[in-house]
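The values are calculated or read from the model by the stated rules, or taken from the named source; none is laboratory data. Owing to the predicted nature of the structure, the values given are computational and were not obtained by experimental measurement. Because the Cβ atoms are built from the backbone with ideal geometry, glycine has one as well, and the counts that use them run over all protein chains shown. Heavy atoms of the whole protein, side chains included, go into the accessibility calculation; ligands, DNA and RNA do not. Shrake-Rupley method; radii C 1.70, N 1.55, O 1.52, S 1.80 Å.
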Amino acid sequence: MDLKAGKYNVKAQGHGASFMPMEVTLSENKIEDIKVDAKGETKGVADEVFRRLPEEIVENQTLNVDTVSGATISSHGVIDGVALAISEAGGDPDEWKKRAKPKEQRAKDETYTTDVVAVGAGGAGLAAAARSIQHGKDVIVLEKFPQIGGNTSRAGGPMNAAEPDWQNQFKALAGEKETLEELAVTPLEQIDPEYQEDFEKLQKQIKDYVASGADYLFDSKLLHEIQTYLGGKRTDLNGNEIHGNYALVKELIDNALDSVHWLSDLGVKFDRSQVTMPVGALWRRGHKPVEPMGYAFIHVLGDWVKDHGGRILTDTRADHLIIEDGQVKGVIAKRPDGSTITVHAKAVILTAGGFGANTPMVQKYNTYWKHIDDNVATTNSPAITGDGINLGKEAGADLVGMGFIQMMPVSDPKTGELFTGLQTPPENYIMVNQKGKRFVNEFAERDVLTKAAIDNGGLFYLIADDKIKDTAYNTTQESIDAQVKAGTLFRANSLEDLAKQVGMDPDILVETIEKYNSYIEAGKDPDFEKSAFNLKCEVAPFYATPRKPAIHHTMGGLKIDTGAHVLDKDGKQIPGLYAAGEVAGGIHAGNRLGGNSLADIFTFGRIAANSANDELEK
């Protein structure tokens, strides 16, 4: 059937309720060109889709093309958009979908020799690669998916690092000083012995700050350290207590700000006009990039590595380590076409992330949650399936903290995504259950918020007004309007109408918000003792974002030392093997503070590269 030649402007479904404008150019019997406007999509998550699929469709004149791993929704969006254009042109899109698939030819097996190979091209792997290149080393990065970024591309963006000279320029929010005073009176016997000396020093810092009468935002490395330690100190279902390894926590905190400076030197631009925090961070010390979310780090690091001679091999899954006489000497990898890539290396750095997208593995190790459903959503990239942990086990690596699984309380109820709806700083969160009542201190740790949500039926709502909406760091007005139209975000000109839309009693929601606003005026929350406040909720239109907990982070992993060497069950370093990021355990213990993962991956990614360099130089 001939097509009506011309240019067709269509819209295709993207992530969440976003949509992608597309221009499809058709002749009488061919697809001539496909242009995708993907600015509404999360940068770095599906970029490869918009490059690869239009090329494959035009080159092979078929819609029977494979989706791109890790970006299924966007892949179907492109295919469906072209199908819509064909339909508008009088063609039969089903016929185009039944056409033969492009034939994939098996490439030749390849062998490489390098100084350092990093397994996983997320933030930790790219940091390790960049730092190794700075040391003058030859570097290869292996990434099993078609696109670099891993979970880092899906991160919110604020990276924790105490920088008092900068933070002191901002005023303390209502409730922050009281939170410090409450922390300072914690009995010393409740602090584990290795942390007690640092805690006493912190007590003095807080006492001096409060006595000074200052109203600026206080912070210090000691506060960051103790909050990381206490935020991760947990007991599992079997009564086993865990807390962060003191040496690892201190290594992270002492070097986090250096990581910010190092990233700045490579080209990451940070927004110095505000200090913010993601959910569950406990304190405002987030260094937020100017560019959106984790993509800001990935594209700078990825470009830097390639521009300085590093090789990044995508679609290359590391299957096995090369181990000779107890020393790790490389990696054997596979490509989707079945070809083998062999990399001989003097140092192997495992940076493949955790196992948050591998539900059976999560269920196998979980000792923290009473039950994890088979169909539980995840915020993770589909690439995060525990590959690096399994590789480490091949070399005899010890594991630590594997039973502690973090749930992200503020996830999309259907997809698990973080960046649908309105994601604001937690000081502006107003969490209400399905009855319209608040049920938790919205400034608390993630596991505390998750347990409270589960106890309230799982599904809850984030309530915002027009001013609070403006503090959201994940969206545009176009995306908001699209989500309201799709019914995944609710908007109304009154709280009463908003309540009716989501099935709440209007009187209850109105009373809840009026109370919350009065607590902001008083600077104290007698109901849940919220740790910090900012904006009232009083300016129409009002919004309700539905949320539900989803698997987010796996705290356990390969046991490492402060040099990021992987350790065996006897506590000895495994020669030639290093690990950084979520693949490693021992730092975050039972619960990770929001914003600490970015600090972790860039800090220990650099440390792993430094250690490898030191040993290679010997």
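Before moving on, here are some points about what is shown:
- Among the listed pairs K414/K467; K467/K548; K364/K500; K201/K618; K35/K97, a Cα-Cα separation exceeding 31 Å is found for K364/K500; K201/K618.
- For the range 247-316 versus the range 548-564, the gap between their alpha-carbon centres in whole angstrom: 18
- A simple count of charges around F533, restricted to other residues whose Cβ falls under 14 Å of its Cβ and scoring Lys, Arg +1 and Asp, Glu -1, yields 0.
- When the chain is described by a simple charge dipole with +1 on each Lys and Arg Cβ and -1 on each Asp and Glu Cβ, the residue from G175, Y195, Q434 located farthest towards its positive end is Q434.
- Anisotropy class of the chain from Cα gyration tensor, a/c 1.5 cut: oblate
- Placing pseudo-labels 7 Å out from each Cα toward the beta carbon at D192 and T67 gives an inter-label distance of 4.1 nm.
- Simple rule: put +1 on each Lys or Arg Cβ and -1 on each Asp or Glu Cβ in the range 406-548, find the dipole, and look at S494, A453, F542; the Cα lying farthest toward the positive end is A453.
- Excluding ligands, DNA and RNA, the accessible surface per residue across the chain is 40 Å² with a 1.4 Å probe.
- Solvent accessible area, Å² - D215, 1.4 Å probe, full protein context: 90
- Given a 1.4 Å probe and the protein chains as shown, Y295 ends up with an accessible area of around 40 Å².
- Rounded is the label for the range 406-548, because a/c, from the alpha-carbon gyration tensor with a ≥ b ≥ c as root eigenvalues, stays below 1.5.
- For the chain, averaging the sequence separation of C-alpha pairs within contact (under 8 Å, six or more residues apart) and dividing by the residue count gives a relative contact order of 19 percent.
- Value of [θ]222 nm, deg cm²/dmol, for the chain, DSSP H segments ≥ 4, -39500 (n - 2.57) each, nearest 500: -10500 deg cm²/dmol
- Three-way shape call for the range 4-96 based on the alpha-carbon gyration tensor, with the a/c threshold at 1.5: prolate
- Here the accessible area is traced with a 1.4 Å probe on the protein chains. For the chain, carbon and sulfur cover 46 percent of it.
- Separation of the E23 and D319 label points, Cα + 7 Å toward Cβ, nm: 4.5
- Surface accessible to a 1.4 Å probe, I242 within the full protein complex, Å²: 30
- Of the peptides 586-594, 447-455, the ranking by mean beta-carbon count within 10 Å, highest at the top, reads 586-594, 447-455.
- Cα centroids of the range 404-418 and the range 98-166: 25 Å apart.
- Largest accessible area first, the listed residues H76, H552, H287, H135 line up as H76, H135, H552, H287 when surface is computed with a 1.4 Å probe on the assembled protein chains.
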